[in-house]
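The values are calculated or read from the model by the stated rules, or taken from the named source; none is laboratory data. These numbers come from a predicted model, not from an experiment. Cβ atoms come from the backbone with ideal geometry, glycine included; neighbour counts cover every protein chain shown.
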Amino acid sequence: MLSLLRSSKRIQRTQQIAQISLLCRDTLCDVAASAGGDSSRIVTIEKLEGGFSKALLMKKGNGKEVIAKLPCRIAGPTSLTTACEVGVLEYVRKYTSIPAPRVFSWSSDNSNPVGAEYIIMEKVAGVPLFEQWGKMAEIEKLELIKNLTKLEAQLAAIRFPAYGGLYRQADVSSLQCQDLNGSICIGPSCGRSFSTDSAAVLSTQSEKLDYGPLTFIWAIFLLRLARTQKIVSLIDFQSLSVLPLFLQAQWPVFLKPPQNYTKGLVQPKLPGDFDELDEEGKAAALQEWSQSKLAKAYEVATVLENGVAHNAMNIPRVFRELFIRCGEVSEVGVVPLRECLIEIFRNWSSLGFTGQCPYSFSNEEITTHEHQFAEYQAWDEVQQLAQECLDTDAEGWIAPQLDIEEKRRQNRELLSLYIKRMAGEKSPDEARAMWPFPG
């Protein structure tokens with residue numbers, strides 16, 4: 001059932017992207033032609049990797065370029081997703097020094113002449129981080145990590161009276177929003193994890209919570225200046241929301257520590273038996289050591305530049321997982337959420353709470369759950385293995401620098417190996433149902 005749900009979502013996403021691509025027609029070109037203060041017809045259009053949006057690089061006859069973004073229908077709540085992205089961009093540009101692209105024109109009403117929601121924004125300078133990261137010297141990577149944590153600290157330092165999405169006040173008069181400064185307000189969250197369909201909306205909650213750091217770190221653009229690497233823009237602000245800091249603060253994807261990483265003032269080292277390893281083992285150990293050093297650099301820089309985020313990253317794991325599991329029930333079921341609840345129930349006092357836990361589980365209920373959770377863990381291990389081997393995520397997204405056909409070949413090969421490995425325990429059909437991606 002879990003695999004069917006994920007396959008259905010991937011098919012739906014592909015269909016929506018195909019539909020949106022049909023909307024790139026003369027009307028959108030006319031809007032883009034007049035964007036940016038100078039009017040010049042669009043002469044070329046190039047498709048870009050856009051995640052939950054169709055992104056288009058549009059070049060004008062005068063040589064200038066703009067980016068057009070059209071959100072997929074599953075990107076988030078209709079109208080709100082686009083309006084929120086515009087609101088976040090305006091707020092970030094106005095109240096922080098974080099480099100973000102300017103918005104020239106936009107519409108969150110799909111009944112407009114274009115026939116779809118869209119944002120026309122400036123094309124910022126620089127090149128994607130993933131194109132430079134492997135070429136950078138270690139000292140350059142460390143400098144970039146330091147600069148990144150300084151930018152994140154600006155976000156973590158902001159205090160909001162509520163959590164939800166940021167909008168321009170003039171654009172959401174019909175929504176229940178809380179005014180921030182006369183021009184920007186905070187209203188419903190449009191994050192995908194908060195809705196089970198594109199029309200769902202999470203009401204604003206009036207609590208004083210922190211706005212955590214951005215998680216789309218691979219969207220950073222870089223500009224090489226002499227021997228330094230300067231962050232010149234962060235470009236993907238879709239579906240960002242004001243949330244509790246402990247839900248936001250985390251290692252960026254490209255700085256994520258390896259499995260055996262130790263937090264704190266512990267210097268990463270090569271394994272003691274490194275000299276006895278074969279060439280393949282040495283290569284793997286060196287790779288893990290290198291990644292550990294970068295993760296440690298981010299951890300230390302966060303302590304120095306963004307202490308509140310560091311503290312948030314070190315609260316008990318179960319609290320963060322509790323919120324995450326709530327958002328996953330419609331996809332993976334209630335078992336992982338129940339595991340969090342049982343862990344809190346069992347460790348109520350050691351987690352710092354007083355009195356009695358407001359809910360309880362009997363020994364029989366816990367025993368039944370443990371069997372169910374073991375089945376879930378077996379399923380989840382397969383999902384994580386496939387994602388790690390294929391350099392992808394639960395959606396099956398492949399980074400643009402990778403060869404999609406090669407990844408498809410690898411997926412078929414891995415699925416075949418998994419079916420053979422599970423022979424005697426599961427039928428081929430049962431094994432395929434466990435595998436996250438169609439072969």
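For segment 217-243, enumerate the residues that are at pLDDT 50 or above and either over 17 Å from Lys150 (Cβ atoms) or of a type in the set (Ser, Thr, Tyr) (or both).
Passing the criteria: Thr228, Ser233, Ile235, Asp236, Phe237, Gln238, Ser239, Leu240, Ser241, Val242, Leu243.
Here's the yes/no breakdown for (1) surrounded by 20 or more Cβ atoms within 10 Å (Cβ to Cβ); (2) charged (D, E, K, R); (3) in contact with a strand residue (DSSP E or B) (Cβ under 6 Å, 6 or more places away or on another chain):
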{"site": "Arg93", "(1), (2), (3)": "no, yes, no"}
{"site": "Ile98", "(1), (2), (3)": "no, no, no"}
{"site": "Gly115", "(1), (2), (3)": "no, no, no"}
{"site": "Tyr118", "(1), (2), (3)": "yes, no, yes"}
{"site": "Gln132", "(1), (2), (3)": "no, no, yes"}
{"site": "Glu138", "(1), (2), (3)": "no, yes, no"}
{"site": "Leu142", "(1), (2), (3)": "no, no, no"}
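Can you give me the number of residues within segment 397-414 that are free of Cβ contacts under 8 Å to residues at least 40 places away in the same chain and among the polar types (S, T, N, Q)?
2
Answer with yes or no whether Lys282 is within 19 Å of Phe254 (Cα to Cα), of a type in the set (D, E, K, R) and either at pLDDT below 95 or surrounded by 14 or more Cβ atoms within 10 Å (Cβ to Cβ) (or both).
no
Quick one: is Thr44 farther than 15 Å from Ile119 by Cα, hydroxyl-bearing (Ser, Thr, Tyr) and under 32 Å from the mean Cα position of the chain (by Cα)?
Yes; evaluated as a whole, the condition is true for this residue.
Please identify the pairs in which a residue from segment 142-155 that is among the charged types (D, E, K, R) has its Cβ atom under 6 Å from the Cβ atom of a residue that is in a helix (DSSP H, G or I), counting only partners at least 6 apart or on another chain.
Pairs found: Lys146/Ala301; Lys150/Glu305.
Restricting the search to segment 235-289, which residues are in a helix (DSSP H, G or I) and in contact with a helix residue (DSSP H, G or I) (Cβ under 8 Å, 6 or more places away or on another chain)?
Leu245, Phe246, Leu247, Gln248, Val253, Phe254, Leu255, Phe274, Lys282, Ala285
I want to confirm something. Restricting to segment 70-129 and keeping residues that are small (Gly, Ala, Ser) and not in a loop (DSSP other than H, G, I, E, B), which single residue is nearest to the chain's Cα centre (by Cα)?
So the residue we want is Ala75.
What number goes with the only condition from (1) farther than 23 Å from Gln259 by Cβ; (2) touching a residue at least 40 places away in the same chain (Cβ under 8 Å); (3) in contact with a Phe, Trp or Tyr (Cβ under 9 Å, 6 or more places away or on another chain) that Ala433 does not pass?
Going through the list (1) farther than 23 Å from Gln259 by Cβ; (2) touching a residue at least 40 places away in the same chain (Cβ under 8 Å); (3) in contact with a Phe, Trp or Tyr (Cβ under 9 Å, 6 or more places away or on another chain), Ala433 breaks only (3).
Filter segment 312-357 down to residues that are β-branched (Val, Ile, Thr) and closer than 22 Å to Leu245 by Cβ and give me whichever is nearest to the chain's Cα centre (by Cα).
Ile324
Considering only residues of segment 346-387 that are of a type in the set (A, V, I, L, M, F, W, C), outside the structural domain of Pro438 (by TED's automatic domain parsing) and without any contact (Cβ under 8 Å) to a residue 12 or more places away in the chain, which is surrounded by the fewest Cβ atoms within 10 Å (Cβ to Cβ)?
Checked segment 346-387; the qualifying residue surrounded by the fewest Cβ atoms within 10 Å (Cβ to Cβ) is Phe353.
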